[in-house]
Amino acid sequence: MIRLGYPTQNLTLGASTNRSLRLGNLPDAARVRSLVRQNLWDLCRILRWNARRGVGIFRLGQSVIPFASHPNFPYDWEKEHAAELREAGRLARSLGIRLSMHPGQYVNPGSPRPEVVERSLAELRYVARLFGLLGCEDAVLVLHLGGAHGDRRKSARRFVGALAQERGVLRHLALENDERVWSVPEVARVAGELGVPAIADTLHHALNPGGLALREALDLTLPTWRGRRPKVHLSSQDPEKQPGAHARLIRREDWLGLLEALDGREADVMVEAKGKELALEPLLPPGGAPERREDARKPAAGGDPRPAPERPQHRGGRALG
DNA sequence: AGATGTCAAGCGGAT
DNA sequence: ATCCGCTTGACATCT
């Protein structure tokens with residue numbers, strides 16, 4: 001069985017898990033708290049929406065807790081948001097939805113610069129702790145290998161060295177190929193050294209195949225999950241933009257190409273498209289959610305699905321469109 | 001009111 | 001040597 005998902009926000013609901021603020025406003029603790037609560041509230045809305053439509057995975061925005069790893073973060077977020085996180089995590093588990101996160105280009109544990117490595121580790125630990133508080137064992141922390149810094153072997157060695165003792169991070173970590181520097185076979189090798197799984201991204205792979213056909217890339221990466229459900233990334237090239245830019249939707253032949261390469265094997269497929277959940281619709285089995293009944297207490301009224309339960313009270317909160 | 005450019009962070013690659 | 005884009009939203013400043 002193939003499960004599908006999308007990242008960070010739902011355009012139909014107008015819901016986002018990625019609200020942030022400028023660093024200069026970080027000292028305003030009340031404002032940060034409010035943003036976090038809005039992010040978590042929208043996460044719950046998205047999870048329910050997903051469950052109704054048979055969407056089985058979802059990627060959290062990196063800024064669910066904005067600047068969580070920054071030294072100037074104004075309060076103890078682990079303590080203050082523990083209950084809300086536990087609640088959101090429980091919802092995800094009860095709906096059978098697997099969560100993930102994908103820290104961005106600034107996270108570079110293989111960098112030759114110690115301060116970059118330190119900041120990177122801080123960010124990765126934040127993600128691991130967040131997953132811990134959510135209570136989602138099967139959540140995945142997706143990361144690229146970063147730069148080559150003129151010497152790939154040394155960079156890969158630094159990367160492994162920086163993470164080898166990070167047990168909390170390694171529990172969730174999975175390494176993904178990128179479109180320029182690190183191809184699937186290289187990523188799979190480094191992942192193997194760390195004892196973590198590897199993810200093949202179809203668009204990156206097309207641009208940086210490392211000598212492998214897509215099927216061979218999957219032959220290499222799927223077994224690294226050792227019984228856990230494997231993850232794969234799917235996206236299509238935006239024809240207007242430069243190579244690597246994500247299109248709004250998935251081209252049918254890219255989807256069929258992935259299915260053919262999977263050849264019946266199970267996978268969780270993260271669909272990376274500007275159109276977010278709209279890009280999933282043509283790929284989902286007709287009729288939406290198959291047999292999820294946990295959501296049965298939802299008012300099934302035809303028409304306007306207003307968020308029924310209480311909104312979190314926060315200062316300066318505004319109505320969501 | 002709307003449009004524009006900049007914001008914590010790192011890289012590779014184009015120019 | 002310098003600049004761009006990578007994701008996205010926030011927000012200060014402009015018109």
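The values are calculated or read from the model by the stated rules, or taken from the named source; none is laboratory data. Note that the structure is predicted; figures quoted are calculated from it, not measured. Neighbour counts run over all protein chains shown; Cβ positions are idealised from the backbone, glycine included. Surface accessibility is based on the protein's heavy atoms, side chains included, excluding ligands, DNA and RNA. Shrake-Rupley method; radii C 1.70, N 1.55, O 1.52, S 1.80 Å.
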Within region A:210-228, can you find the residues that are within 13 Å of A:A174 (Cβ to Cβ) and not hydroxyl-bearing (S, T, Y)? A:L222, A:W225, A:R226, A:R228
Can you find, within region A:231-263, the residue that is surrounded by the fewest Cβ atoms within 10 Å (Cβ to Cβ) among those that are polar (S, T, N, Q) and more than 26 Å from A:A139 (Cα to Cα)? A:Q242
Please specify each residue of region A:191-236 satisfying the condition of being within 16 Å of DNA strand B (Cβ to nearest atom) and over 24 Å from A:M101 (Cβ atoms). A:A206, A:P209, A:G210
Could you give every pair whose Cβ atoms fall below 9 Å, whose first residue belongs to region A:9-25 and is free of Cβ contacts under 8 Å to residues at least 40 places away in the same chain and near DNA strand C (Cβ under 6 Å from one of its atoms), and whose second residue is of a type outside the set (D, E, K, R) and not in a loop (DSSP other than H, G, I, E, B), counting only separations of at least 6 or pairs across chains? A:N25/A:V32
Residue list for region A:57-72, restricted to those being more than 12 Å from DNA strand C (Cβ to nearest atom) and open to solvent by 10 Å² or more (accessible area, probe 1.4 Å): A:A68, A:S69, A:H70, A:P71, A:N72
Which condition does A:E78 not pass, out of (1) free of Cβ contacts under 8 Å to residues at least 40 places away in the same chain; (2) away from DNA strand C (no atom under 16 Å from the Cβ); (3) closer than 24 Å to A:Q165 by Cβ, if it passes all the others? (1)
Applying the selection to region A:170-210, what residues are within 17 Å of the chain's Cα centre (by Cα) and within 13 Å of A:T221 (Cα to Cα)? A:A174, A:L175, A:E176, A:N177, A:V196, A:P197, A:A198, A:I199, A:A200, A:D201, A:T202
Check A:R93, A:R129, A:R113 and return the single one that is within 12 Å of DNA strand B (Cβ to nearest atom), more than 22 Å from A:R22 (Cβ to Cβ) and of a type in the set (D, E, K, R). A:R113
When the residues of region A:8-30 are filtered to those that are away from DNA strand B (no atom under 13 Å from the Cβ), assigned to a loop (DSSP other than H, G, I, E, B) and among the hydrophobic types (A, V, I, L, M, F, W, C), which remaining residue is most open to solvent (accessible area, probe 1.4 Å)? A:L11
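This table checks each residue for (1) closer than 18 Å to A:L258 by Cβ; (2) aliphatic (A, V, I, L, M); (3) touching a helix residue (DSSP H, G or I) at 6+ places or on another chain (Cβ under 8 Å); (4) buried (at least 20 other Cβ atoms within 10 Å of the Cβ).
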| residue | (1), (2), (3), (4) |
| --- | --- |
| A:L173 | no, yes, yes, yes |
| A:E176 | yes, no, yes, yes |
| A:S183 | yes, no, yes, yes |
| A:V196 | no, yes, yes, yes |
| A:D201 | yes, no, no, yes |
| A:H204 | yes, no, no, yes |
| A:N208 | yes, no, no, no |
| A:R215 | yes, no, yes, no |
| A:T221 | yes, no, yes, yes |
Taking A:L163 as the residue in question, decide whether it is open to solvent by less than 20 Å² (accessible area, probe 1.4 Å) and closer than 19 Å to A:T8 by Cα. no
Any residue in region A:231-243 that's free of Cβ contacts under 8 Å to residues at least 40 places away in the same chain and part of a loop (DSSP other than H, G, I, E, B): show its pairings with residues that are of a type in the set (S, T, Y) and more than 16 Å from DNA strand B (Cβ to nearest atom) at Cβ separation under 8 Å, as long as the two are six or more apart or on different chains. A:S235/A:T202
Where A:R113 falls short, out of the listed (1) open to solvent by less than 40 Å² (accessible area, probe 1.4 Å); (2) free of Cβ contacts under 8 Å to residues at least 24 places away in the same chain: (1)
